[in-house]
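Visitor: Here it is: the structure, laid out below.
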Amino acid sequence: MPVKNRFAELLPEITAWRRDLHENPEILFDTQRTSGLVAERLRAFGCDEVVEGIGRTGVIGVIRGKTDSGKAIGLRADMDALPMNEQTGLPHASKVANAMHACGHDGHTAMLLGAAQYLAETRNFDGTVVLIFQPAEEGGGGGREMCEDGIMDRWNVQEVYGMHNWPGMPVGAFAIRPGAFFAATDVFNIQLEGRGGHAAKPQEVVDTGLMAAHLITALQSIVSRNADPVDQIVVSVTSMESSSKAFNVIPQRVELKGTVRTMSPAMRDLAETRIKAISAGVAATFGGAADVDYQRNYPVMVNHEDQTAFAADIARSVSGDCGEAPLVMGGEDFAFMLEERPGAYILVGNGDTAPVHHPEYDFADEAIPAGCSWWAEVVERRMPAA
């Protein structure tokens, strides 16, 4: 079954939804306008149940098939934008300062709405579809909050599927991989304490700047000398800020911030242990002290083997092919849903566009029919009409 004709017919309408969302981006859990529009459309489509306020501002839509096998499949799209300014110059560019759909969540939401309209019209399946529209994927953990609100048990979800657009892949092509796919994303904050003083009298101070410089270098030994070379791990110090901005003052305190990306629980444990030990050791070497706050955020996103094979088969039926996706060191809070239920996450090509999280990025509307068709086929093939 290639791209469904119904989605070619709906493409102008779905594109209009997508561009409206793009013009009006909302950050993290502050998705009241987006959530309201999603709920309004789901009701207009004739969904059997529409519930707002799940995971703070998430929306659930329920569509029941012609018959009820007792099966229920969850389909998830994220709704939030990024806190950055757009530089595309497009007619539908963001109208909101410091907010931009630079990751394509506007496209994900529009594609799932398109699939919802089709599924509500046809209901050619045996079971229940649970549409999950999630806020705060970009660092807020909205997926975790929706799970904590009990979406899997409340709607008896047995499998769950997600999708993300992917620049650099041909428009409408698909790629996926089983097992670990997106990395765990942790953050750290290191407070270095020394003894400040006059820059012309270094013998009287405990220099936190020197301490920080050695520590930044030493932290890279986690990757180069502690981790097995075949394991994936990234340790990046991304911010350094001192308690003084003066030219002639050695600061009392320096704060370092950074991120750790790993693909296994063992590497995650190693990174946290070594960051704390190295920070304490380097600080002590120079006569100072280090206080490390290490926070574990999104876990590794792990695709389940059976559901991944099924998702790939559907992708091949839609586009003719499904490639092997690369390991991704970025994070994805769909991981929380895959910890609760078996399922799979797939990439759909966005063409030769700017990368995600770039001020010149835009979602490729030409990918909409393929994405919608994949959603619909997942439902109709996983829960075939009796």
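The values are calculated or read from the model by the stated rules, or taken from the named source; none is laboratory data. Keep in mind that what you see is a predicted model, and the values were worked out from it rather than measured. In this analysis, Cβ positions are derived from the backbone assuming ideal geometry, glycine residues included, and neighbour counts consider all displayed protein chains. In case anyone asks, the SASA skips ligands and DNA or RNA and just uses the protein heavy atoms, side chains included. Shrake-Rupley method; radii C 1.70, N 1.55, O 1.52, S 1.80 Å.
Visitor: What ³J(HN,Hα) values, in whole Hz, does the Karplus curve 6.51 cos²θ - 1.76 cosθ + 1.60 give for region 119-135 when θ = phi - 60°, with x put for Gly and Pro?
Guide: Here the 3J(HN,Hα) series is 5, 6, 6, 8, 6, 8, 7, 10, x, 9, 9, 10, 8, 10, 9, 10, x Hz.
Visitor: Only Cα pairs within less than 10 Å get springs; with that Gaussian network setup on the chain, which residue of G141, G197, G61 has the largest fluctuation?
Guide: Of G141, G197, G61, the most mobile in the Gaussian network model is G197.
Visitor: Moving on. Determine the order of R19, R177, R56 by accessible area, beginning with the largest, at a probe radius of 1.4 Å.
Guide: Ranked list, largest accessible area first: R56, R19, R177.
Visitor: Using DSSP to define loop residues, name the trypsin sites (Lys or Arg not before Pro) in region 223-297 whose beta-carbon has at most 10 other beta-carbon atoms within 10 Å.
Guide: For trypsin sites (Lys or Arg not before Pro) across region 223-297 that sit outside H, G, I, E and B with at most 10 neighbouring Cβ atoms in 10 Å, the list reads K245.
Visitor: For region 210-331, rounded, prolate or oblate, judged on the Cα gyration tensor with a ≥ b ≥ c (square roots of eigenvalues), a/c < 1.5 rounded, else prolate if a/b > b/c?
Guide: prolate
Visitor: Quick query: amide H of K71 versus all other amide H atoms, modeled in the peptide plane; which residues come in under 5 Å with a sequence gap of 5 or more or a different chain?
Guide: Excluding prolines and chain starts, which carry no amide H, the hits are T128.
Visitor: With a ≥ b ≥ c taken as the square roots of the eigenvalues of the C-alpha gyration tensor of region 91-165, please select rounded if a/c is under 1.5 and otherwise prolate if a/b is larger than b/c or oblate if it is not?
Guide: Verdict is oblate for region 91-165.
Visitor: While we're on this one: Counting helices only, and only those DSSP H runs with n ≥ 4, report the 222 nm mean residue ellipticity of the chain as the sum of -39,500 (n - 2.57) divided by its residues, in deg cm²/dmol to the nearest 500.
Guide: Using -39500 (n - 2.57) per qualifying helix, the result is -11000 deg cm²/dmol.
Visitor: Follow-up. Using modelled amide H (1.01 Å from N, peptide plane; none on Pro or chain starts), what sits under 5 Å from the amide H of I27, excluding residues fewer than 5 places away?
Guide: For I27, the qualifying residues are A81.
Visitor: Let me ask something else about it. Normalising by the residue count of region 226-341, find the relative contact order in percent from Cα pairs under 8 Å and 6+ residues apart.
Guide: Computed over region 226-341, the figure is 21 percent.
Visitor: Let me ask something else about it. Give me a comma-separated list of calculated 3J(HN,Hα) values for region 219-236, in order, Karplus coefficients 6.51, -1.76, 1.60 applied at θ = phi - 60°, integers in Hz, x for any Gly or Pro.
Guide: So the Karplus estimates, Gly and Pro as x, are 5, 6, 5, 4, 6, 7, 10, 10, 8, 4, x, 8, 8, 8, 7, 10, 10, 10 Hz.
Visitor: So which residue, out of G320, G89, G371, gets the largest mean-square fluctuation from a GNM of the chain using Cα contacts under 10 Å as springs?
Guide: Comparing G320, G89, G371 in a Gaussian network model of the chain, the most mobile one is G89.
Visitor: Over the chain, what percent of the accessible surface lies on carbon and sulfur atoms, probe 1.4 Å?
Guide: Answer for the chain: carbon and sulfur cover 50 percent of the accessible area.
Visitor: Before I look further, what does the chain give for accessible area per residue, probe 1.4 Å, in whole square angstrom?
Guide: With all protein chains present, the chain gives 40 Å² per residue.
Visitor: Ok, one more. Through the Karplus equation 6.51 cos²θ - 1.76 cosθ + 1.60, θ set to phi - 60°, convert the phi angles of region 91-99 into ³J(HN,Hα) values in whole Hz; use x for Gly and Pro.
Guide: With coefficients 6.51, -1.76 and 1.60, one gets x, 9, 4, 3, 9, 10, 5, 6, 8 Hz.
Visitor: Oh, and also: Show D333, D352, D228 ordered by accessible area, largest first, where the area counts protein heavy atoms only and the probe is 1.4 Å.
Guide: D352, D228, D333
Visitor: Testing the spin-label approximation: label points 7 Å from Cα along Cα→Cβ at S264 and F247. State their distance in nm.
Guide: Inter-label distance under the simple model: 5.2 nm.
Visitor: Calculate, in nm to one decimal, what N5 and A218 gain on full extension: separation in residues at 0.36 nm each, minus their alpha carbon distance.
Guide: The N5-A218 span can extend by a further 70.9 nm.
Visitor: Dipole size in debye (nearest 20) for region 17-101 around its Cα centre, Lys and Arg Cβ +1, Asp and Glu Cβ -1?
Guide: 280
Visitor: With +1 on each Lys and Arg Cβ and -1 on each Asp and Glu Cβ, how big is the dipole of the chain about its Cα centre, in debye rounded to the nearest 20?
Guide: For the chain, the charge dipole is close to 380 debye.
Visitor: Relative contact order (percent) for the chain, with alpha-carbon contacts under 8 angstrom and 6 or more residues of separation?
Guide: 25
Visitor: If you don't mind, another one. Taking square-rooted eigenvalues a ≥ b ≥ c of the alpha carbon gyration tensor, is region 1-106 rounded, prolate or oblate, where a/c under 1.5 means rounded and, failing that, a/b exceeding b/c means prolate?
Guide: The shape class here is oblate.
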